[in-house]
Amino acid sequence: MDITAWANAIEESGHRLAEAAETAGPLTEVPACPGWQVRDLLLHTGGVHRWAREFVSGRTVPLELPEAHDIADDIPTDSELPEWLRVGCTALVASVRSAPHDLRCWTFLRASSPLAHWARRQAHETTVHRVDAEAAAGKVGPVEPALAADGIDELLDCFAVRSQRMRLESPHTLHVSATDTGSDWTVLISNGRPVVRRGGPDGAADTTLRGTAHELYLALWNRAPLWPLHVAGDATVVEAWPRLLHVRWN
């Protein structure tokens, strides 16, 4: 994927998130985020969009992810939250689309460029939380295969390799295979830092997960159970996945 595709994903997912939030209502619980209601999801995502836009606009030093009251002149009421989310999302997308490709700014994940880092990160931040809002509203729409495969790649190649919790006493090889995009990843899990590489394993994997990119995306981001996927081999990683890798921002 490229900057244009990621910007389009932010835009589409942001507006779908707002629509789903309006359908669900602000006080509806968010299934994948214990303790959160839809209003918390909107405040969080709208805050992240405004925070990310600081860096896309050229900020070169870290900025702690703020609470909503730090980045809004007035805290929006529950009825105003969906539109507040839309406004922040639209501003972020405009900044991504107009930013120079040689943008210099602070980043925290490896990427081909700082602009690619923020465009990709916000595409999946917004898409995952769009899924959360749709789950609260009662129906989750599909994640487009190329976007889903890219999000699996970000999760494994950027987040998993940094995880302090992805540890197993005995070495374990996990093969993740997206059947509709032909994408494969091999994750080597041990009592040290995990190692991730694109492509299938050299030999037999201890565990293989197969499914469409959409199915794998939801499951690996802990938005759906792993068990409905085709699981072959040792179930250790399947049972432990929510504990091994859970990306949190708050």
Total formal charge among the other residues, if their Cβ is under 11 angstrom from that of SER112, Lys/Arg +1 and Asp/Glu -1: +1
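Once the other residues with Cβ under 13 Å from the Cβ of ALA224 are scored (Lys, Arg +1; Asp, Glu -1), what is the net sum?
On the way: positive: ARG223; negative: ASP132, GLU134, GLU215.
With Lys, Arg at +1 and Asp, Glu at -1, the net is -2.
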Residue among LEU226, LEU17, LEU103 with the largest mean-square fluctuation in a Gaussian network model of the chain, springs linking Cα atoms under 10 Å: LEU103
Over the chain, relative contact order from alpha-carbon pairs under 8 Å, at least 6 apart, %: 19
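Does the stretch 60-186 come out rounded, prolate or oblate, given a ≥ b ≥ c as the square roots of the eigenvalues of its C-alpha gyration tensor, rounded meaning a/c under 1.5 and, failing that, prolate meaning a/b above b/c?
Numbers: a/c = 1.74, a/b = 1.40, b/c = 1.24.
Prolate, because a/c is 1.5 or more and a/b exceeds b/c.
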Förster radius 51 Å - calculated FRET efficiency between GLU83 and SER113 (Cβ-Cβ, nearest 0.05): 0.95
Between the stretch 109-173 and the stretch 178-250, the alpha-carbon center distance in angstrom: 12
222 nm mean residue ellipticity, helices alone, for the chain (DSSP H n ≥ 4; -39,500 (n - 2.57); rounded to 500): -15000 deg cm²/dmol
Summed residue charge, Cβ within 11 Å of ALA137's Cβ, Lys/Arg positive, Asp/Glu negative: -1
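Only the coordinates and a few stated rules stand behind these numbers; no lab work does. A quick note: this is a predicted structure, and the numbers were derived from the prediction, not measured. Counting neighbours? That spans all protein chains shown, and the Cβs are built from the backbone with ideal geometry, glycine included.
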